[in-house]
Amino acid sequence: MSASPDPLIDVHAHFVTDRYIAAARAAGHEHPDGMPGWPEWSPEAHLALMDESGIATSMLSVSSPGVHFGDDSAARELAREVNEFAAGVVRAHPGRFGHLAAVPLPDIDGSLDEIDYALDILGSDGVAIETNAHGRYLGDAHYDPIWAELDRRGAAVFVDPTSPPHAEAISVGLPRPMLEFLFDTARSATDLLFAGVFEQYSGIRWIFTHGGGVLPLLADRIQLFRTAFADDQPGRATSEVLRGLWFDMVGTPFPHQIPALEASVGLDRLVYGSDYCWTPSAAVLAQIAGIDAADRPGEPTWRTVTTGHARELFPGLKQ
């Protein structure tokens, strides 16, 4: 591993399997979210990147387009398969990997069963969901049984962006992760906010990606609409509610994204994320070099800050 005195904990890392890619392709996801194609992944390649860049532990999850391609039964089977695979990787490499389990949303019963299995049997560290499931956003009351169970458990919920409805029409031919993912993160978080989910299910440890996407830039505007046009909104200000969420540094954190997040909601719950394997190794290394170069004299390094926060978020991680 890198000689860095401040090893990173990567809360936003992905894996794929041959079976998963085949199922997604069969459902029409040959170019997922407008990307050129599917990445390759292996534990060995992932560990090599971690060692080179000073990442101690990576939390594995399945990224967009998730595991539900229209059939509840097939989605349940695929979620179970990828979760058991990831749990095997965690067992094979103690301390190097954690796992955020896939659940087959919008299937409520299947998701509740998979939450029980993943958290109680496999020992997963939390669950990973997309910002919407076939166009149904997370503030919809349909999801209340899921939030109630995860709140009861005090679970970590990693909210990974996916394409919004009608994505091909609005993305003007560009890969959706470039722009649409950042807007869908803000859209999903705002839906949860207006639905009162953050307040009602306050035991959930919500993790949002890419520094909140465009959310830091829109927080004041969201607050304006909550106070001017939504009489039934709770009393806490938008920025105060958002301070209770966790945000990762995936993408281009400096020079602008993280300062914008700091100005909007502070950095008390900032964690590191790479987005490997969807982000190529060279780009991950460049991102980490940029993070290290952005260290502020006289203050803890970004590695120290984010790793300390990740251990608060996931107290079961080995020291």
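Every number in this text was worked out from the coordinates using simple rules, so none of it is lab data. Since we're looking at a predicted model, the values are computed, not measured. Neighbour counts run over all protein chains shown; Cβ positions are idealised from the backbone, glycine included.
Each part gets one Cα centre, and for the stretch 76-138 versus the stretch 246-299 those centres are 26 Å apart. When +1 charges are put on Lys and Arg Cβ atoms and -1 charges on Asp and Glu Cβ atoms, the dipole computed for the chain relative to its Cα centre reaches about 600 debye. Each peptide in 84-97, 193-206 was scored by the mean count of other Cβ atoms within 10 Å over its residues; highest first, the order is 193-206, 84-97. Relative contact order of the stretch 225-281, taken over Cα pairs closer than 8 Å and 6 or more residues apart, is 38 percent.
Using C-alpha positions alone, give me the convex hull volume of the chain per residue in cubic angstrom.
On the way: hull volume 40.9 nm³, N = 319.
Normalising the Cα hull of the chain by residue number yields 128 Å³.
Near the amide H of S58, within less than 5 Å, lie the amide hydrogens of D10, F97, G98, all on another chain or at least 5 residues away, with H placed in the peptide plane. Where only DSSP H runs of four or more residues are counted, the chain gives -13000 deg cm²/dmol as its mean residue ellipticity at 222 nm, each run worth -39500 (n - 2.57). Amide H contacts under 5 Å for A101: D125, G126, V127, A128, restricted to partners 5 or more places along the chain or on a different chain, H placed in the peptide plane at 1.01 Å from N. Across the stretch 305-318, coupling constants 3J(HN,Hα) worked out from phi with the 6.51/-1.76/1.60 Karplus curve, θ = phi - 60°, read 4, 6, 5, x, 5, 5, 6, 5, 5, 10, x, x, 5, 5 Hz, and Gly and Pro carry x. Between A169 and R91, residue separation times 0.36 nm minus the direct Cα-Cα distance comes to 23.8 nm.
Packing here is the average count of other Cβ atoms within 10 Å per residue, and on that basis the peptides 57-66, 115-124, 102-111, 32-41, highest first, run 57-66, 102-111, 115-124, 32-41. Amide H contacts under 5 Å for A294: none, restricted to partners 5 or more places along the chain or on a different chain, H placed in the peptide plane at 1.01 Å from N.
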